[in-house]
C-alpha cells in the first residue's frame, strides 16, 4: 500500500494546477494585458496568498469574498482560498453596498479580496455591516487610509514572510464556491458548488467545446459569474492557456484585435456581444484562429445565429444552457444543429439525468410543456444557510430548475417560460420581486409589478408597471434606485396604471401585464 497522502490523489483544481506546475512549469497558464503567468507562478503565488490568509485566521470551511474585476489574480485568489479548504464567494461588483452587505451577513464571510477600483465599494460595505475582519486590495490603491481603511496590499501578502500553511486534505465534496443568485423573494441565494461539481463541469466543457492541449481559450465573461469560472475549469484540468479579457464597455473591434493577437481558438460571448462582433466592419478582414465559438446566458435571436454562421463559417458554433445551481451547463446545442433547431437550447448533456414534469412530478409527453428537473454530478449540494429553499428546490428528489420547457421527438429542449419570474438581460439574471420590493419603498408608488420586455440588444429588459402618483417619472426614480439596486436591474420603462390586475386570490396577473405592455420596443430608451 502506498504511503502517498490521500490529499495528493484528490481530483480538484488545486491539485491540477500543482501537477501542471511540476510537469509544464514554464508553459503559460494565464495571460492578462500581455502579461504571462506560468503554471509554476500560478501555483507558487496562490500558495503564498493562502499562507497569508491562514495567518489571518482563514481555515477549512471559512468564507472569503472576492470583489474584483477580471485579473489573473482573481484565479489566484480562488485557488488560495480553496487551498485552505475555505470557500470562495465571488461577488457581482455591480451590486450596491447594501446588496453586498446582505451577502456578507448571509455567508458569514471573514474577509474580502478586491482591487483598487472596487476598494471604495468594499470599504463602504465594511462601514455598514460587521463581519469582514480584513480586506486585501490588488493594484495601486492606497492602503492604510481612507477610503480603503485598514486594507492590506495584495502584493504585500505575496511578499510576507512566515511559515507556509499546513497541507490540507480537501475531499472532492468540499464546497469550493458559493455563487449567489437572486431569489424570487428578493433575497439572493448562495448555490454551494463543490470541487466535484467543478470537475464534472470540466468534463462537460471539454466535450462540448472540444478543448484540446493546444487550445487558447479567450475569457471575456466576468469571473464573478459561473460562466466565467465554469469556462476556465476545464483549462485548469488540461493545462490549457487562458487569455483573460479586461472588463469594461464591450468593443467589437477591441475584442477582434485581441482574438487576432492572441490566436484565440475558443471564445464565449453572450448573444448581445456576438451581435456587436458580427456587425463590426473589420470582422471579415481578420486573420483569426477560431475553432469554436460559443454562446449562452441569454436567448439568441435567429438573426444573431444566422450572422454568426455567416461571419464565422469555419468555426464550430455551440450553444450552452444551464444555471448556476448546475455548475452551470445542462444542455448543449452543437454546431451541426444550430440552424436546424433554431430556438432550441440543445440536448441534455450525457453526464446528467433530466425529466420534464408537471406540478405533480409526472413526466409530460414530447411537445407538452413542463418543468425540466435534473440530477447528476454537477448539481449543487444546496443553498447556503437556506434549508427551506434547498428542500423546495429538491422536492421529489430532483433539482427543480424553474424553467418551463418542451422537448421535441429528437430530445431537443425549447425554453417556453420561467417559473421563477426571471428576466435575463445581457446575460445577467434580474428577478422581478427584488426590483418590485425596492419600488414599493418609493413614496409615490402604491403598487408595482415588473415584467420583461423583448429588446434587440439585451434580449430582455425590465419594465415597471406602477399604480400610484401619476406625476412619477422614470427620471425621478433613478436617484432612488441608484442607492438600492445595481444599474442593470433598473427598469428601462415606466408604465403608470390605475391599478394592477389581480386574480381571485389577490395575486397580480402578470400574463395580462405582459400581453398589454411587453410587445413595445424600448431600444431607444435602453
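The values are calculated or read from the model by the stated rules, or taken from the named source; none is laboratory data. Predicted model, so just to flag it, every value in this text is computed and none were measured. Reconstructed Cβ throughout: ideal geometry from the backbone, glycine too, with neighbour counts over all protein chains shown.
Observations, loosely collected:
- Residue within region 204-218 that is free of Cβ contacts under 8 Å to residues at least 60 places away in the same chain, within 25 Å of residue 425 (Cα to Cα) and assigned to a helix (DSSP H, G or I) present: no
- Single unsatisfied condition, residue 446 versus (1) without any contact (Cβ under 8 Å) to a residue 40 or more places away in the chain; (2) surrounded by fewer than 19 Cβ atoms within 10 Å (Cβ to Cβ); (3) not assigned by TED's automatic domain parsing to the domain that holds residue 496: (3)
- Of all the criteria given as (1) assigned to a loop (DSSP other than H, G, I, E, B); (2) in contact (Cβ under 8 Å) with a residue 24 or more places away in the chain; (3) more than 17 Å from the chain's Cα centre (by Cα); (4) surrounded by fewer than 21 Cβ atoms within 10 Å (Cβ to Cβ), the one not satisfied by residue 264 is (4).
- The numbered conditions (1) in contact with a helix residue (DSSP H, G or I) (Cβ under 7 Å, 6 or more places away or on another chain); (2) without any contact (Cβ under 8 Å) to a residue 12 or more places away in the chain are all true for residue 223 except (2).
- Of all the residues in region 351-361, those that are crowded, with 20+ Cβ neighbours inside 10 Å and in a strand (DSSP E or B) number 2.
- Scanning region 401-424 for residues that are touching a helix residue (DSSP H, G or I) at 6+ places or on another chain (Cβ under 8 Å) and at pLDDT below 90 yields 421, 422, 423.
- The set of residues from region 16-46 being in contact with a helix residue (DSSP H, G or I) (Cβ under 7 Å, 6 or more places away or on another chain) and in a helix (DSSP H, G or I) comprises 16, 17, 18, 20, 21, 39, 40, 42, 43, 45, 46.
- Residue match in region 318-332 (condition: at pLDDT 95 or above, more than 13 Å from residue 414 (Cα to Cα) and surrounded by fewer than 20 Cβ atoms within 10 Å (Cβ to Cβ)): no
- Top-ranked residue of region 382-400 - restricted to ones that are touching a residue at least 40 places away in the same chain (Cβ under 8 Å) and in contact with a helix residue (DSSP H, G or I) (Cβ under 8 Å, 6 or more places away or on another chain), ranked as surrounded by the fewest Cβ atoms within 10 Å (Cβ to Cβ): 385
- Any pair with Cβ under 9 angstrom, 6 or more apart, that starts in region 239-260 at a residue that is at positive phi and ends at one that is in a loop (DSSP other than H, G, I, E, B): 239/24; 239/27; 239/213; 248/69
- The residue list 303, 330 contains one member that is more than 23 Å from the chain's Cα centre (by Cα) and closer than 22 Å to residue 428 by Cα, which is 303.
- Residue in region 224-239 that is assigned to a loop (DSSP other than H, G, I, E, B), surrounded by fewer than 23 Cβ atoms within 10 Å (Cβ to Cβ) and modelled with pLDDT of 95 or more present: yes
- Per the listing 52, 88, the residue uniquely closer than 29 Å to residue 431 by Cα and buried (at least 20 other Cβ atoms within 10 Å of the Cβ) is 88.
- Hits in region 189-223 (condition: over 22 Å from residue 265 (Cα atoms), within 14 Å of the chain's Cα centre (by Cα) and surrounded by 22 or more Cβ atoms within 10 Å (Cβ to Cβ)): 189, 190, 191, 193, 198
- Residues of region 477-498 that are under 22 Å from the mean Cα position of the chain (by Cα) and within 21 Å of residue 454 (Cβ to Cβ): 487, 488, 489, 490, 491.
- Within region 13-35, being surrounded by fewer than 20 Cβ atoms within 10 Å (Cβ to Cβ), touching a residue at least 60 places away in the same chain (Cβ under 8 Å) and touching a strand residue (DSSP E or B) at 6+ places or on another chain (Cβ under 8 Å) holds for 27, 28, 31, 32.
- Leading residue by the ranking (farthest from residue 328 (Cα to Cα)) among those in region 362-381 that are touching a helix residue (DSSP H, G or I) at 6+ places or on another chain (Cβ under 7 Å) and assigned to a loop (DSSP other than H, G, I, E, B): 377
- Any hit, region 287-304, residues being on the phi < 0 side of the Ramachandran plot, out of contact with any helix residue (DSSP H, G or I) (no Cβ under 9 Å at 6 or more places or on another chain), modelled with pLDDT of 95 or more and surrounded by fewer than 16 Cβ atoms within 10 Å (Cβ to Cβ): no
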